[in-house]
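What follows is a single structure, written as structure tokens, with notes after it.
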Amino acid sequence: MSRLSAEVEYRSIAMTTCELKWLKGILSSLNVIHSTPMFLHCDSQAALNISQNPVFHDRTKHIEVDCHFVRDAIILGDISPSFVPTNEQLADIFTKTLGKQQYFFLLRKLGIRDLYSPT
């Protein structure tokens, strides 16, 4: 199961890298220069390790094309992948049932405030 999960996360990194490079190309065609790496956040340590490990293993053979694509983007400085712990995933507020403390923590991270709360 963990290998399958890492593969899905890694394919997601590859698709996101493709979209980021596409957006960077659109910006450059509009004469907007963006020379710094784009940040790519992921909550899968396994997928990040695959993207940054220069050695191919038998386990990554079936995603080798994606591996080359993402690693080339990292080496060229197009993207900068980083780990985000699961408890700090902002998308969870829209997709999961959360406890009260985690819910309000994510609301604060999003910058959402209660307008009706007494000051």
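The values are calculated or read from the model by the stated rules, or taken from the named source; none is laboratory data. Note that this is a predicted model, so its numbers are computed, not measured. Positions of Cβ are backbone-derived with ideal geometry, glycine not excepted, and every protein chain shown enters the neighbour counts.
Numbers at a glance
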read-out: Any hit, region 72-84, residues being free of Cβ contacts under 8 Å to residues at least 40 places away in the same chain, exposed (fewer than 15 other Cβ atoms within 10 Å of the Cβ) and among the hydrophobic types (A, V, I, L, M, F, W, C); value: yes
read-out: Residue among Val55, Val32 that alone is modelled with pLDDT of 85 or more, outside any helix (DSSP H, G or I) and aliphatic (A, V, I, L, M); value: Val32
read-out: Qualifying residue in region 86-103 (condition: modelled with pLDDT under 85, under 13 Å from the mean Cα position of the chain (by Cα), surrounded by 13 or more Cβ atoms within 10 Å (Cβ to Cβ) and under 30 Å from Thr36 (Cα atoms)); value: yes
read-out: Top-ranked residue of region 4-21 - restricted to ones that are among the polar types (S, T, N, Q) and surrounded by fewer than 17 Cβ atoms within 10 Å (Cβ to Cβ), ranked as modelled with the lowest pLDDT; value: Ser5
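Residue-by-condition table, conditions (1) touching a Phe, Trp or Tyr at 6+ places or on another chain (Cβ under 9 Å); (2) closer than 30 Å to Gly111 by Cα; (3) modelled with pLDDT of 85 or more; (4) not hydroxyl-bearing (Ser, Thr, Tyr):
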| site | (1), (2), (3), (4) |
| --- | --- |
| Ser2 | no, no, no, no |
| Leu27 | no, yes, yes, yes |
| Ala46 | yes, no, no, yes |
| Asn49 | no, no, no, yes |
| Thr60 | yes, no, no, no |
| Phe69 | no, no, no, yes |
| Ser80 | yes, yes, yes, no |
